[in-house]
Amino acid sequence: QYAEPPSLSTALQQTLALLGVGSAAPLTPLTERALQFPTVVRNVALAAGLYALALLVRAVAARRPASAAERRQADGIVRAAGRGPLAHLSLFPDKAYSFGPGESLVAYVRQGRVALALGDPVGPEQTAGATVAAFVARCQARRLLPAFHLVSGDHLETYRRSGLEAMLVGYESSIDLGALEERPAEDPALQASEQRLALRGHTLWAYPPPLSGEVMDELEIVSEEWLATRRQSEMRFSVGWFDEAYVRTCPVIVVRDASGQISAFANIVLAPGSGDATLDVLRQRADALPGTLEFLLMAAFRWSAARGARCFSLGLTHPVSSAAESARAPAARAAARLARHLQALHGFRGL
């Protein structure tokens with residue numbers, strides 16, 4: 001429909017010229033359709049550009065999952081009713097919130113079509129069922145798939161009533177601090193490790209919050225070396241990460257070597273009202289002596305017990321890996337695959 005002979009190269013040059021990317025002599029239209037065609041090309045390009053812009057804006061908006069008002073409301077709920085070793089992770093900036101009745105919430109992240117919640121609902125026990133149901137209904141209204149990760153066995157029936165299935169993914173390891181105080185550990189290897197580090201001039205220090213800038217700088221050096229040695233980035237979601245604003249507000253136990261440098265550290269989280277303690281960020285230098293982390297953990301246990309904690313949770317330390325255990329789950333292949341993924345992610349096998 002043009003006077004010039006048609007070719008692919010001519011079409012490409014004309015299209016780029018219409019979009020302002022290149023230059024080419026205009027063709028001679030022979031019909032009304034040919035006369036209107038450049039306008040159609042520009043309109044299609046404009047629509048495609050607007051669609052791409054909408055996708056970019058949507059991606060940027062998704063990076064802020066919760067508003068400032070929602071975060072203030074979540075902070076009040078977690079401080080008043082937070083229980084267990086995962087409650088404080090609800091306040092991290094990667095979480096969005098589904099609020100239920102009676103000052104309760106579910107903290108979750110969105111990945112594709114999945115809304116993945118962390119742990120049990122936070123709030124009064126009697127509102128757990130309604131809070132789970134509200135979260136599931138919210139997901140269904142938005143055409144999302146609801147899922148909970150690392151829940152306890154206390155509310156399994158609650159989840160089933162909301163149409164969810166339970167899958168065993170692993171076991172939580174915890175220390176009975178009361179029993180530890182009544183009967184100190186008698187493990188010869190552990191005692192020898194502690195004595196060896198003490199004889200080599202290693203000392204334990206506890207820093208209450210807020211941490212000074214000098215201490216934060218030392219901790220950051222150790223943290224960066226730890227990540228570089230393991231060749232990985234922060235895991236996030238189900239564990240805390242080295243965020244300066246967060247770590248500064250936590251008590252921190254450190255091991256200093258004979259030269260006074262920090263060779264390992266861990267932050268301690270005391271759950272309000274539950275008697276539980278846990279840790280998020282556990283890091284050591286690449287040249288730390290063998291037994292340094294055990295030396296640090298024993299100090300963390302004693303420090304937490306002295307402040308009223310009855311139980312110290314180490315989180316998920318034993319993912320399901322055996323075929324026999326996986327076979328009992330509703331989806332055996334999914335359980336086995338998840339176990340392999342957790343082992344590779346956390347770098348451990350068994351306890």
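Only the coordinates and a few stated rules stand behind these numbers; no lab work does. Please read these numbers as outputs of a predicted model, since none were measured by experiment. Methodologically, a virtual Cβ is constructed for each residue, glycine included, from the backbone with ideal geometry; neighbour enumeration extends over all protein chains shown.
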- Message: If I histogram all Cα-Cα distances within the range 195-253 using bins 5 Å wide from 0, what percent of pairs lands in each bin?
- Response: 4, 15, 21, 22, 19, 14, 5, 1
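Can you order the peptides 47-53, 302-308 by their average number of other Cβ atoms within 10 Å per residue, highest first? Write out the running numbers ahead of the final one.
Numbers: 47-53: 10.1, 302-308: 15.7.
In decreasing order of mean packing, 47-53, 302-308 become 302-308, 47-53.
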- Task: Using amide H atoms built 1.01 Å from N in the peptide plane, name the residues 5+ places from LEU27, or on other chains, whose amide H lies under 5 Å from its own.
- Result: none
- Item | Base-10 log of normalised Debye intensity for the range 47-141 (one unit scatterer per alpha-carbon) at q = 0.19 Å⁻¹ | -0.86
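Normalised by the residues of the chain, what does the relative contact order come to in percent, with Cα pairs under 8 Å and at least six apart?
Numbers: 517 pairs, mean separation 52.0, N = 351.
With pairs under 8 Å counted, the relative contact order is 15 percent.
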- Placing each pseudo-label 7 Å from Cα in the direction of the beta carbon, LEU164 and GLN111 end up separated by a distance in nanometres of 1.5 nm
- Task: Name the residue farthest towards the positive end of the dipole of the chain from the options ALA34, LEU53, GLN126, assuming +1 on Cβ of Lys and Arg, -1 on Cβ of Asp and Glu, about the Cα centre.
- Result: ALA34
- Peptides 234-247, 25-38, 120-133 ordered by average Cβ neighbours within 10 Å, highest first: 120-133, 234-247, 25-38
- Note on the structure: Along the dipole axis of the range 3-106 (charges at Cβ: +1 for Lys and Arg, -1 for Asp and Glu; origin at the Cα centre), the most positive-end residue among GLY82, ALA11, SER98 is GLY82
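Where Lys and Arg each count +1 and Asp and Glu each count -1, what net charge lies around VAL122 among other residues with Cβ under 14 Å from its Cβ? Numbers along the way, then the final one.
Numbers: positive: ARG71, ARG79, ARG83, LYS95; negative: GLU70, ASP75, GLU103, ASP120, GLU125, ASP154, ASP276.
Result for the neighbourhood of VAL122: -3.
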- Farthest towards the positive end of the dipole of the range 211-319, among GLY308, LEU219, LEU289 and with Cβ unit charges of +1 on Lys and Arg and -1 on Asp and Glu, lies the Cα of GLY308
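I need to check one value: relative contact order of the range 160-298, counting alpha carbon pairs closer than 8 Å and at least 6 residues apart, in percent. Walk me through the numbers before you get to the answer.
Values: 163 pairs, mean separation 36.2, N = 139.
Reported relative contact order: 26 percent.
Suppose a student asked you for the relative contact order of the range 1-159, using Cα pairs under 8 Å spaced at least 6 residues apart; what percent would you report? If you can, show how the numbers build up before the last one.
On the way: 194 pairs, mean separation 23.1, N = 159.
Normalised by residue count, the contact order of the range 1-159 is 15 percent.
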- Message: Which trypsin sites (Lys or Arg not before Pro) in the range 70-145 sit in a loop by DSSP (not H, G, I, E or B) and have at most 14 other Cβ atoms within 10 Å of their own Cβ?
- Response: ARG113, ARG142, ARG143
- Would you kindly derive the ³J(HN,Hα) couplings of the range 262-271 from the backbone phi angles with the Karplus curve 6.51 cos²θ - 1.76 cosθ + 1.60 (θ = phi - 60°), listing them in order in whole Hz, with x for Gly and Pro? 6, 9, 6, 7, 8, 8, 10, 10, 9, 5
- Message: Placing unit charges on C-beta atoms (Lys and Arg positive, Asp and Glu negative, everything else neutral), compute the dipole magnitude of the chain about its Cα centre in debye, rounded to 20.
- Response: 1240 debye
- Summed residue charge, Cβ within 11 Å of ALA87's Cβ, Lys/Arg positive, Asp/Glu negative: 0
- Phi-derived 3J(HN,Hα) across the range 279-296 with the Karplus relation (6.51, -1.76, 1.60, θ = phi - 60°), rounded Hz, x for Gly and Pro, is 9, 10, 9, 10, 9, 9, 6, 5, 9, 5, 5, x, x, 5, 5, 5, 4, 5
- So what is the 222 nm mean residue ellipticity for the chain from helices alone, if each DSSP H run of at least 4 adds -39500 (n - 2.57) and you divide by all residues, rounding to the nearest 500 deg cm²/dmol? -13500 deg cm²/dmol
- Cα centroid separation - the range 3-44 against the range 160-221, whole Å: 70 Å
- Query: Sequence-distant or interchain residues sharing an amide H contact under 5 Å with ALA115, placed H: which?
  - Reply: LEU145, ALA147
- Task: Output ³J(HN,Hα) for the range 197-209: one whole-Hz value per residue in order, computed from phi by the Karplus curve 6.51 cos²θ - 1.76 cosθ + 1.60 with θ = phi - 60°, and x for Gly and Pro.
- Result: 5, 5, 5, 8, x, 7, 10, 9, 10, 10, 10, x, x
- Note on the structure: Of the range 37-60, those with amide N under 15 Å from the point 7 Å along the Cα→Cβ vector of ALA11 are 37-38, 41
